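This report refers to the structure that appears directly beneath it.
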């Protein structure tokens, strides 16, 4: 599938009714993850593919709760941990703003990058790397790696390379990519077996 066709798919997502919206968001989010974890779709570095395979497995095992954020207004898809660590009642959540599908339609590249950042934060949580500021910075490093990999793909298909302010900031702040001291290898998927115990 060409990058142009992939973007076209996301840019033309149908408008969902209020009743259908949660399912439409879930399908769209799963499609974004599938896109990022499949080497047949995007030519991404192995480290990024491993991270995304880990994240896809979390979703498959229902270790993540996907929810529209209704109690407070958020402007972007967000990773959150709810519950109590001491009582081991922790729930990993992906919270979606009310206009999430419109955000995907407007800028698929930005939303793909956001998913990469979320994947890194979820992995940090499972690997007990709990410093929130460091985890967010690490997520931005992986987003920068994603953007660095996407630029030549855009050039190959002669697609416009137009980044949001956030994406430009991430690339300028984390130009070292995978050589960053914040990067660590994604553990084997066996670590997820502890979720079932």
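The values are calculated or read from the model by the stated rules, or taken from the named source; none is laboratory data. What you are looking at is a predicted structure, and each value in this text was computed from that prediction instead of being measured. Reconstructed Cβ throughout: ideal geometry from the backbone, glycine too, with neighbour counts over all protein chains shown.
Return the residues of the stretch 155-171 that are surrounded by fewer than 16 Cβ atoms within 10 Å (Cβ to Cβ) and within 22 Å of residue 139 (Cα to Cα); say none if nothing qualifies.
161, 162, 164, 165, 166, 168, 169
Does residue 32 satisfy being within 18 Å of the chain's Cα centre (by Cα), at pLDDT 95 or above and within 24 Å of residue 179 (Cα to Cα)?
Against the criterion (within 18 Å of the chain's Cα centre (by Cα), at pLDDT 95 or above and within 24 Å of residue 179 (Cα to Cα)), residue 32 does not qualify.
Which of the residues that make up the stretch 124-135 are modelled with pLDDT under 90 and under 16 Å from the mean Cα position of the chain (by Cα)?
125, 126, 135
Does residue 85 count as under 22 Å from residue 23 (Cα atoms) and at pLDDT below 90?
no
So which of 101, 153, 118 is in contact with a strand residue (DSSP E or B) (Cβ under 8 Å, 6 or more places away or on another chain) and within 29 Å of residue 15 (Cα to Cα)?
Sole residue among the options that is in contact with a strand residue (DSSP E or B) (Cβ under 8 Å, 6 or more places away or on another chain) and within 29 Å of residue 15 (Cα to Cα): 118.
From the set of residues in the stretch 49-66 that are in a strand (DSSP E or B) and touching a residue at least 40 places away in the same chain (Cβ under 8 Å), which is surrounded by the most Cβ atoms within 10 Å (Cβ to Cβ)?
Among those residues, the one meeting the criterion is 64.
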